[in-house]
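Undergrad: What follows is a single structure, and I will ask about it in a moment.
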Amino acid sequence: MASKDNLEWAKDEVQGQKEFHYSKYLQLEKILEAQRTTSDVHDEHLFVVIHQVYEMWFKQLRHEIDSICKEFKSKDTNFLNVVTRLDRIIKILKLLVEQIRILETMSPQDFLEFRGNLFPASGFQSFQFRMMEYRIGFNEKSRTEFEGSLEGYKKVMSDKEKKDMADEQGKDTMFACIQEWLETLVGDFPEKYEKAVTKMLEAEKKSDKEKRWFATLTNKDEYETILQQKKKEKAADRRFTWMATFGALKIYLYRDKPQFQMPYQILNQLIEMDTLLMKWRCEKHTQCKHTHVTN
């Protein structure tokens, strides 16, 4: 959805013009003049371009995540839109991971020729990435402390960024929207699931196949944590509520039924999205360490 500023720009710059040029539409003059370097080192230009492109993709990811949240909050959720936009997010994240390969063509020695000029600037200071983390539903309690605080990362933000972050924290996250959606799917499934599990455990207990019963005992505790979670509302090792956990389990077990095929696809896309975010974090961090340590 276009912002108010974008709509004003379109009204002022586009309407009434007989010709609307490609470069004007894409604001290329501003974009292509934004690659400012601090040295004459050849590879610094690549370093700037790579990180500016990251920021552009972060902006697009935020745009897609916002649209997914709006779909889940709608009374008539268009699940085709959700699947399509999650697929787009996955493809963008794969691209972000591959983009590291381009950065790796720059040697540690070349990087250190201009790194000193950038201190104390760091990718850690990316405001857009922090905004994207929050919108997805990143658990703030799992952050690594920075300067003695879980919110230490905010110290590098400008006053405007802090205000924007506070405004963002008043919105529903994608995690919250998906949890709410999963809770609506539960119905009487927990009762049916408990009866089926109890029947299975009783049958296995009577079996003379010792190895099979041992395997069942291994899983018994896991079954019980799910079944008993209702009493505690949320298990210590799970972020989802008891209801949302059963909603996800129902989708998985009934995935062959037509009405659950698209929800099952959504769950798989969310898992892939999470995996790719972790992969990007890990590889980006490893690449940075390699750049510093190799020299």
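Undergrad: Could you pull out the pairs from Lys94/Lys171; Lys59/Lys160; Lys171/Lys250; Lys59/Lys162; Lys59/Lys155; Lys163/Lys279 whose alpha carbons sit more than 19 Å apart here? Don't skip to the answer; put the middle values down first.
TA: Details: Lys94/Lys171 27 Å; Lys59/Lys160 17 Å; Lys171/Lys250 28 Å; Lys59/Lys162 17 Å; Lys59/Lys155 22 Å; Lys163/Lys279 30 Å.
Beyond 19 Å: Lys94/Lys171; Lys171/Lys250; Lys59/Lys155; Lys163/Lys279.
Undergrad: Kindly state, to the nearest 0.05, the FRET efficiency for Met157 paired with Glu183, given R0 = 41 Å and r defined as their beta-carbon distance.
TA: Computed FRET efficiency for Met157 and Glu183: 0.75.
Undergrad: Just how far, in whole angstrom, is segment 161-198 from segment 56-77 if you go by their alpha carbon centroids?
TA: One Cα centre to the other: 16 Å.
Undergrad: Can you compute the modelled spin-label distance between Thr225 and His45, with each label point 7 Å from Cα toward Cβ, in nm?
TA: Modelled inter-label distance: 5.4 nm.
Undergrad: Ordering Lys195, Lys70 by accessible area with a probe of 1.4 Å, largest first, what comes out?
TA: From most accessible down to least: Lys195, Lys70.
Undergrad: Quick one: if you stick a label point 7 Å off each Cα along the C-beta vector at Lys24 and Lys171, how many nm between them?
TA: The answer from the label model is 3.1 nm.
Undergrad: Let me ask something additional. State the extension gain, in nm to one decimal, for the chain segment bounded by Lys141 and Lys192, taking 0.36 nm per residue of separation less the distance between their alpha-carbons.
TA: Between Lys141 and Lys192, full extension yields 14.9 nm more.
Undergrad: Could you work out how far apart the two model spin labels at Asn78 and Cys282 are, taking each label as a point 7 Å from the Cα in the direction of the beta carbon, and quote it in nm?
TA: In this crude spin-label approximation the distance works out to 3.6 nm.
The values are calculated or read from the model by the stated rules, or taken from the named source; none is laboratory data. Given the structure is predicted, the values throughout are model-derived calculations rather than measurements. Glycine gets a Cβ as well: all are built from the backbone with ideal geometry, and neighbour counts include every protein chain shown. Just so you know, the surface numbers come from the protein's heavy atoms only, side chains and all, with ligands and any DNA or RNA stripped out. Shrake-Rupley method; radii C 1.70, N 1.55, O 1.52, S 1.80 Å.
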